[in-house]
Amino acid sequence: MFRIVQIKVPDQKIFDAYKHSKSSLEGLQSVVDLAHRGDFFVSEPMATTSAKHFTAESYLRTMFGDPPHLFVDLTSDYKLLRTRAPQAYDYGYVIEIGTMEGDSGPERLVAMPRESVNYQSGRYSSGLYTPIDCS
């Protein structure tokens, strides 16, 4: 089963990694956008099934060892939908989980924050791509 997660690393760990593992930190930053929030650097949310997650996890493992404690599980804040809408209909908070062939052409499985479901569903419906709730 997939999850939606976010990397959350204490800023001191990032500062130390810059001194000792600069190339790994640069590699991580080439995969995810790390934003400084309070005492942490956090990434954008991502699916654990994505290539981005696997690559980021590899860089984190290189710098910090076993990284599960560096991921925050956001799955309960997200809803899973199926749609035929093209990616052009997605707002920035939509996470594509995968694609499949449907009866009427290609379909996508997407996750989005629960508070954005009605707005995003309206966007899909405006192009006659009414989504189906899969949660």
Practice prompt. Would you please name the residue that is nearest to residue 96 (Cα to Cα), looking only at residues in the stretch 21-46 that are within 18 Å of the chain's Cα centre (by Cα) and touching a residue at least 40 places away in the same chain (Cβ under 8 Å)?
Written response: 46
Worksheet, complete the sentence: Reported set for the stretch 1-27 where residues are part of a strand (DSSP E or B) and of a type outside the set (A, V, I, L, M) is 6, 8, 10
Worksheet item: Just checking, how many residues over the stretch 68-79 are in contact (Cβ under 8 Å) with a residue 40 or more places away in the chain and closer than 15 Å to residue 6 by Cβ?
Response: 8
Worksheet item: Is it the case that the stretch 26-46 has a residue that's surrounded by 14 or more Cβ atoms within 10 Å (Cβ to Cβ), farther than 30 Å from residue 131 by Cα, at pLDDT below 95 and of a type in the set (Gly, Ala, Ser)?
Response: yes
Worksheet item: Within the group 62, 49, which residue is out of contact with any strand residue (DSSP E or B) (no Cβ under 9 Å at 6 or more places or on another chain), touching a residue at least 24 places away in the same chain (Cβ under 8 Å) and under 18 Å from residue 31 (Cα atoms)?
Response: 62
Worksheet entry | Search result, residues across the stretch 28-42 that are assigned to a helix (DSSP H, G or I), touching a helix residue (DSSP H, G or I) at 6+ places or on another chain (Cβ under 8 Å) and under 15 Å from residue 15 (Cβ atoms) | 28
Worksheet item: Any idea which residue in the stretch 86-98 is nearest to residue 52 (Cα to Cα), counting only those that are surrounded by 12 or more Cβ atoms within 10 Å (Cβ to Cβ) and free of Cβ contacts under 8 Å to residues at least 60 places away in the same chain?
Response: 96
Worksheet item: Which one of 54, 64 is under 18 Å from residue 32 (Cβ atoms) and over 18 Å from the mean Cα position of the chain (by Cα)?
Response: 64
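The values are calculated or read from the model by the stated rules, or taken from the named source; none is laboratory data. This is a predicted model, so every value here is computed, not measured. Because the Cβ atoms are built from the backbone with ideal geometry, glycine has one as well, and the counts that use them run over all protein chains shown.
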